[in-house]
Structure formats: C-alpha cells, structure tokens
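**Q** I am attaching a structure below and will ask some questions about it afterwards.
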Amino acid sequence: MKHKVLIGFMGCGKSTVSKLLAKELGWQLIDTDAQIEEEQGTTISRMFADRGEAWFRILESELIERLSKEKEPMVISTGGGLPMQPQNKELLEQLGDVIYLQVQPETVLKRLEKDTTRPLLQGEDKEQKVKELLAYRGPIYEDVADYTIVTDELTPKEIVRKILDEVVE
Ligand code: S3P
C-alpha cells in the first residue's frame, strides 16, 4: 500500500484532513512541518528568521527522502511550499499517492486572517501575497498531484470521504 500524501496551499486543510484520514485508516500520521519543528527543537518562523527559507527547504527535501524509505503506509501532510522545489517532484512521486487539496484565495484569506505562524504571509497586503503565490503555485501543485480535490465547499469529513472513495483502493 502506498503512502497517502497531501499537498496544497497554506490553509487548504491538510492538517485537519490528514488527522481524520490517518484515524480512519488506522495509519501513522506525519506532518512535515511538525516533524521538522520537533527535530530542530524550534518553530518554522524562527527557522526562517535565523537560518533562512533555503535552509528549511533542504530539511523538507531530506525528510521526504527519508520517508520514501518507510515501508509501513502512512498519511503524510506536507508544508505548502514543499512541492515547489523541483527535486521534490520526483521524491513526492516515489513517496506515494499525491492528493492536492485545491482552495481559492478567498478561503485561505478567511481561514488565515489572524494567523501569525506562516512567515511568508506576514506583513503588509496578505491578500496580494496569497493571490500571487497561489497563482504561481497552482499549476505546480496540479502537475505533481495524482488526484485533485476542490475543497472550498467541502467539510474535512467530506474531503476524507472523497479520498477514501477515490484514492484508497
Ligand atoms: C509554507 C507553508 C507552511 C510551512 C512554511 C512555508 C509555504 O506549511 O511549511 O510556513 O511555503 O507555503 P502549511 O502549508 O502547513 O501552512
């Protein structure tokens, strides 16, 4: 059985959906952001500030390379920028079934209005940042994904149901 890998923009629901999916399947859950924070003993915001984004991206690639060697199937929730690194496309393909949770900028903005934990969305004009990043990233997520689920109108439970029906054989 292949790992089930969730990708998508910040605020698309990867964390919530992956928890429910892992519970439903009885599989281990790995959240790449949480795993890296645990291994480094600090937050993503601090890593970006102290070591820079490029360093964090190396940690992400190293982690998914390690996970691709795990035999027990797992649900893997990835950070929103992870599929952007060209070398990660192949790693994600090796990792398992890649499921893209697609979301509109308006939904992201509503959900992350008060968020302070995403360094890429801090500062002035969050709306512009979300729109630009999502416009650039959307086609890359599509390209890496084996399955795309449009999530704006769905509850986490409904998304999990769709994944179980369409992806889990
Ligand atoms: C990022 C998304 C974040 C986290 C980091 C960078 C991004 O994860 O990895 O802040 O580049 O989109 P979530 O997608 O879980 O918010």
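All of the numbers you see were taken from the coordinates with simple rules; none came from a lab. Computed from a predicted model, the values in this text were never measured in an experiment. Backbone-built Cβ (ideal geometry, glycine too); neighbour counts: all protein chains shown.
**Q** Listing Y100, Y147, Y136 from the residue with the fewest other Cβ atoms within 10 Å to the one with the most, what is the order?
**A** Fewest to most other Cβ atoms nearby, the residues stand as Y136, Y147, Y100.
**Q** Counting other beta carbons within 10 Å of each residue's own, what order do M1, M84 fall into, fewest first?
**A** M1, M84
**Q** Just tell me which aspartates and glutamates come within less than 20 Å, Cα to Cα, of K114; anything on the same chain fewer than 8 places away is out.
**A** D33, E106, E124, D125, E127, E132, D152
**Q** Okay, next question. Considering only DSSP states other than H, G, I, E and B, which trypsin sites (Lys or Arg not before Pro) in segment 1-92 qualify as loop sites with at most 11 other Cβ atoms within 10 Å?
**A** K69, K71
**Q** Next question. If you wrap a convex hull around the Cα atoms of segment 1-83, how much volume per residue is inside, in Å³?
**A** 90 Å³
**Q** Divide, for the chain, the radius of gyration over alpha carbons by 2.2 N^0.38 Å, where N is the residue count.
**A** Computed over Cα atoms of the chain, the ratio equals 0.98.
**Q** A further question on this structure: I need two numbers for segment 75-132: Rg to one decimal and Dmax as a whole number, Cα atoms only, in Å.
**A** 13.6, 38
**Q** May I ask you to list the lysines whose Cα is less than 19 Å away from that of K157, ignoring any residue fewer than eight positions away on the same chain?
**A** The reachable lysines, counting only those whose Cα sits under 19 Å from K157, are K4, K14, K19, K23.
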